[in-house]
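Undergrad: What follows is a single structure, and I will ask about it in a moment.
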Amino acid sequence: MSTGLDIKEAVVDVGSSFTIIRESGTIAGGYLDFEVNSQATKPFIRGFFVEATLAYDTAVVEGDIVNVPNLDGQFMVMNNTAEAFENEVVDYNAVLYRCNVSGEIHRFSGETWDTQTYDHKSVWEVIATSCYALCTENLFGTELDQDEEFVQLGLESSSLYIPHNKGIRLMDRFVVASGEYYKVDSVHKRQFGGVDVCKLEEDTRQ
C-alpha cells in the first residue's frame with residue numbers, strides 16, 4: 001500500500017480540502033487534486049466539467065455531492081474509477097459536474113376542494129429537499145462528454161442531472177430554489193452509477 005500512501009500524501013500536499021454532503025449530514029472528505037480542462041473549446045466543459053484524483057481510501061462514492069471551497073461551489077460525483085497497481089487500489093480518478101441549481105422534489109398526492117373558488121387544487125408532497133443538481137437549460141445534449149459533439153436541445157426542454165438517492169420519478173415536480181417549476185418527463189437511471197438524468201419541461205400544473 002506504499003504507492004497508495006505516497007499518492008495520498010501528494011494529494012494532501014498539492015490538493016484541496018473538501019466535504020461530502022449527504023442526507024445524514026456533512027462529513028469531511030479529505031483532499032482531492034483537481035484539474036479544470038482549460039484546453040477545451042466548449043465553454044460549458046470549461047465551466048462545469050472537472051477531473052479529480054482522490055486517495056485510495058476515499059469515502060466518496062458515485063452520486064455524492066462534494067463541496068470544494070477552492071472551486072467555489074458544490075459538485076456531483078459522476079463516476080469514481082479505481083486505479084490499481086500490483087493488484088492494489090492506489091487512487092481514484094473521478095469526474096465531477098458543477099451543480100448550478102438547488103431545489104426540491106415534489107410529488108402529486110391528490111386533490112383538495114377550494115371552498116373560496118370552488119376549484120380543485122393539486123396537493124404536492126415534498127419528497128426531497130436541498131437537492132443539488134446540474135440543469136442544462138437549452139444548452140447541449142444529455143451526454144456531457146468532453147470528447148463528444150453536443151446536440152442542441154429543443155427550446156421547450158432541459159436536462160437535469162441529480163443524485164439517484166434523491167428518488168426522483170416520472171411526473172414529479174422539480175422546484176428550483178430561484179422559483180422555477182419543472183415537470184419530469186423522463187428519468188434515465190442507467191447512464192451513470194449514482195446519478196439520474198431527467199428530461200424536464202416547464203410545469204404549468206396547479
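The values are calculated or read from the model by the stated rules, or taken from the named source; none is laboratory data. The structure displayed is predicted, hence computed values, not measured ones. Neighbour counts are summed over all protein chains in view; Cβ atoms, including those assigned to glycine, are modelled from backbone coordinates with ideal geometry.
Undergrad: How many residues does region 43-60 contain that are surrounded by fewer than 14 Cβ atoms within 10 Å (Cβ to Cβ) and within 19 Å of the chain's Cα centre (by Cα)?
TA: Let us first name the residues in region 43-60 that are surrounded by fewer than 14 Cβ atoms within 10 Å (Cβ to Cβ), namely 43, 47, 57, 59.
Now restrict to residues that are within 19 Å of the chain's Cα centre (by Cα): 43, 47, 59.
Residues flagged as surrounded by fewer than 14 Cβ atoms within 10 Å (Cβ to Cβ) and within 19 Å of the chain's Cα centre (by Cα) within region 43-60 amount to 3.
Undergrad: Please enumerate the residues belonging to region 154-206 that are assigned to a strand (DSSP E or B) and under 13 Å from the mean Cα position of the chain (by Cα).
TA: To start, the set of residues in region 154-206 that are assigned to a strand (DSSP E or B) comprises 157-163, 173-176, 181-188, 195-202.
S159, L160, Y161, I162, P163, V195, D196, V197, C198 - these are the residues of region 154-206 that are assigned to a strand (DSSP E or B) and under 13 Å from the mean Cα position of the chain (by Cα).
Undergrad: Are any residues in region 144-175 surrounded by fewer than 18 Cβ atoms within 10 Å (Cβ to Cβ) and modelled with pLDDT of 95 or more, and if so, which ones? Break it down into steps so the answer makes sense when it comes.
TA: Within region 144-175, the subset surrounded by fewer than 18 Cβ atoms within 10 Å (Cβ to Cβ) is 145-157, 164-165, 167, 169-171.
Result: H164, N165, G167, R169, L170, M171.
Undergrad: So in region 5-22, with the set limited to residues that are outside any helix (DSSP H, G or I) and of a type in the set (V, I, T), which one is surrounded by the fewest Cβ atoms within 10 Å (Cβ to Cβ)?
TA: Going residue by residue through region 5-22, those that are outside any helix (DSSP H, G or I) are 15-22.
From the residues that got through so far, the ones that are of a type in the set (V, I, T) too are 19-21.
Numbers: T19: 17, I20: 19, I21: 19.
So, considering only residues that are outside any helix (DSSP H, G or I) and of a type in the set (V, I, T), the one surrounded by the fewest Cβ atoms within 10 Å (Cβ to Cβ) is T19.
Undergrad: Out of everything in region 61-82 that is in contact (Cβ under 8 Å) with a residue 12 or more places away in the chain and in a loop (DSSP other than H, G, I, E, B), what residue ends up being surrounded by the most Cβ atoms within 10 Å (Cβ to Cβ)?
TA: Among residues in region 61-82 that are in contact (Cβ under 8 Å) with a residue 12 or more places away in the chain and in a loop (DSSP other than H, G, I, E, B), the one surrounded by the most Cβ atoms within 10 Å (Cβ to Cβ) is D64.
Undergrad: Within region 83-100, can you find the residues that are over 15 Å from F44 (Cβ atoms), assigned to a strand (DSSP E or B) and touching a residue at least 12 places away in the same chain (Cβ under 8 Å)?
TA: Here is the first cut: in region 83-100, the residues over 15 Å from F44 (Cβ atoms) are 83-94.
So of that shortlist, the ones also assigned to a strand (DSSP E or B) come out as 83-85, 88-94.
Once the filter is applied, which keeps residues that are over 15 Å from F44 (Cβ atoms), assigned to a strand (DSSP E or B) and touching a residue at least 12 places away in the same chain (Cβ under 8 Å), region 83-100 yields F85, E88, V89, V90, D91, Y92, N93, A94.
Undergrad: Pull up region 118-143, narrow it to residues that are at pLDDT below 95 and of a type in the set (D, E), then point me to the one that is surrounded by the fewest Cβ atoms within 10 Å (Cβ to Cβ).
TA: Filtering region 118-143 for residues that are at pLDDT below 95 and of a type in the set (D, E), the one surrounded by the fewest Cβ atoms within 10 Å (Cβ to Cβ) comes out as D119.
Undergrad: Check whether at least one residue in region 64-75 is under 27 Å from S16 (Cβ atoms), in the same structural domain as K166 (by TED's automatic domain parsing) and aromatic (F, W, Y), and report yes or no. Give the derivation first.
TA: At the first step, the residues of region 64-75 found to be under 27 Å from S16 (Cβ atoms) are 64-75.
Going one step further and asking which of them are in the same structural domain as K166 (by TED's automatic domain parsing), we end up with none.
Within region 64-75, none of the residues are under 27 Å from S16 (Cβ atoms), in the same structural domain as K166 (by TED's automatic domain parsing) and aromatic (F, W, Y).
Undergrad: Sticking with this one: May I ask you to list the residues in region 101-117 that are among the charged types (D, E, K, R) and assigned to a strand (DSSP E or B)?
TA: Filtering region 101-117 down to residues among the charged types (D, E, K, R) leaves 104, 107, 111, 114.
Across region 101-117, the qualifying residues are E104, R107, E111.
Undergrad: Let me ask another. So which residues in region 42-60 are part of a loop (DSSP other than H, G, I, E, B) and either of a type outside the set (A, V, I, L, M) or outside the structural domain of S16 (by TED's automatic domain parsing) (or both)? Steps first, answer last, please.
TA: Here is the first cut: in region 42-60, the residues part of a loop (DSSP other than H, G, I, E, B) are 42, 56-60.
Answer for region 42-60, where residues must be part of a loop (DSSP other than H, G, I, E, B) and either of a type outside the set (A, V, I, L, M) or outside the structural domain of S16 (by TED's automatic domain parsing) (or both): K42, Y56, D57, T58.
Undergrad: Write out, first by first residue and then by second, each pair whose Cβ atoms fall under 7 Å of each other, whose residues are 6+ apart or on separate chains, and whose first residue, in region 33-48, is small (G, A, S) while the second is modelled with pLDDT under 70.
TA: Partner pairs satisfying both residue conditions: A40/Q146.
Undergrad: So in region 102-117, with the set limited to residues that are in contact (Cβ under 8 Å) with a residue 40 or more places away in the chain and surrounded by fewer than 19 Cβ atoms within 10 Å (Cβ to Cβ), which one is nearest to F174 (Cα to Cα)?
TA: E104
Undergrad: Report, by residue number, each residue of region 56-102 that is within 20 Å of T136 (Cα to Cα) and in contact with an Asp or Glu (Cβ under 8 Å, 6 or more places away or on another chain).
TA: M76, V77, M78, N79, V95, L96
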